[in-house]
Amino acid sequence: MQIAKWKGGRTIGVARMPISAEHQREYGIDHTLVADANNGHESLTDGVLRLTEGKGANVAYDCVGGPLFEPCLRTLGRLGRQANITSVGDRRVSFDLVDFYHRRLSLFGVDSRAYDTEASAVILERLTPGFESGALQAAPVAKRFSLGEAQQAYTQVNDGTIGGKAVFTF
């Protein structure tokens, strides 16, 4: 979100539950949508189309995959791009291929394990001006866990009881 804001973008955050105005400001989120249309919330696609005046999003950064892959893809406007970094649950997805190519969409798979220290250094160098200007800030750490508490950490992240980043300490 911060990089998008730094580069002049307008951001839409998607969460499992409503996000406070404080968290929106903290993370640079202009608008939020709740991903669960079954609980009285509008669908992700409808929400994005409403917020973009029917144009759809330019970029979807999908850090869930699986159940949100296709809904994220449907939010994209013509020439939209979707980056996926993981897949929770089912690894297999399906989507309307004709719609995909008619809208001329692009998919990008990003595997951070492929980046060694040199490749990571190049990325951090490009982000340095953003950190120096204050536009980019490290995400706040909500809770620290020892490696012995790994199961508890993953459970709390998965069920959404941690409001921020969880980190392991050594």
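Taking the criterion of being modelled with pLDDT of 85 or more and either in contact with a strand residue (DSSP E or B) (Cβ under 8 Å, 6 or more places away or on another chain) or not hydroxyl-bearing (Ser, Thr, Tyr) (or both), the residues of the range 36-53 that qualify are 44, 46, 47, 48, 49, 50, 51, 52, 53. Residue count for the range 7-25, restricted to those that are surrounded by 17 or more Cβ atoms within 10 Å (Cβ to Cβ) and touching a residue at least 24 places away in the same chain (Cβ under 8 Å): 2.
Within the range 137-170, being on the phi > 0 side of the Ramachandran plot and touching a residue at least 40 places away in the same chain (Cβ under 8 Å) holds for one residue alone: 160. Scanning the range 45-65 for residues that are charged (D, E, K, R) and touching a residue at least 12 places away in the same chain (Cβ under 8 Å), we see that the one that is surrounded by the fewest Cβ atoms within 10 Å (Cβ to Cβ) is 55.
Test residue 138 against the criterion of being at pLDDT below 90, small (Gly, Ala, Ser) and either within 25 Å of residue 6 (Cα to Cα) or loosely packed, with under 10 Cβ neighbours inside 10 Å (or both), and give yes or no. Yes: the conditions hold for residue 138. Of everything in the range 78-94, what is surrounded by fewer than 14 Cβ atoms within 10 Å (Cβ to Cβ) and within 15 Å of residue 56 (Cβ to Cβ)? Give them in sequence order. The answer is 78, 79.
Do you know which residues across the range 4-18 are under 25 Å from residue 158 (Cβ atoms) and in contact with a helix residue (DSSP H, G or I) (Cβ under 8 Å, 6 or more places away or on another chain)? Within the range 4-18, 11, 12, 13, 14 meet the criteria. When you look at residue 134, is it within 26 Å of residue 28 (Cα to Cα), touching a residue at least 40 places away in the same chain (Cβ under 8 Å) and more than 18 Å from the chain's Cα centre (by Cα), yes or no? Considered against the rule, which asks whether it is within 26 Å of residue 28 (Cα to Cα), touching a residue at least 40 places away in the same chain (Cβ under 8 Å) and more than 18 Å from the chain's Cα centre (by Cα), residue 134 comes out as no.
Restricting 34, 59, 14, 64 to those that are assigned by TED's automatic domain parsing to the domain that holds residue 92 and either small (Gly, Ala, Ser) or more than 12 Å from the chain's Cα centre (by Cα) (or both) reduces the list to 34.
Table: residues versus (1) closer than 19 Å to residue 19 by Cα; (2) assigned to a helix (DSSP H, G or I); (3) not charged (D, E, K, R).
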site: 125; (1), (2), (3): no, yes, no
site: 128; (1), (2), (3): no, yes, yes
site: 131; (1), (2), (3): no, yes, yes
site: 145; (1), (2), (3): no, no, yes
site: 152; (1), (2), (3): no, yes, yes
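The values are calculated or read from the model by the stated rules, or taken from the named source; none is laboratory data. Note that the structure is predicted; figures quoted are calculated from it, not measured. Neighbour counts run over all protein chains shown; Cβ positions are idealised from the backbone, glycine included.
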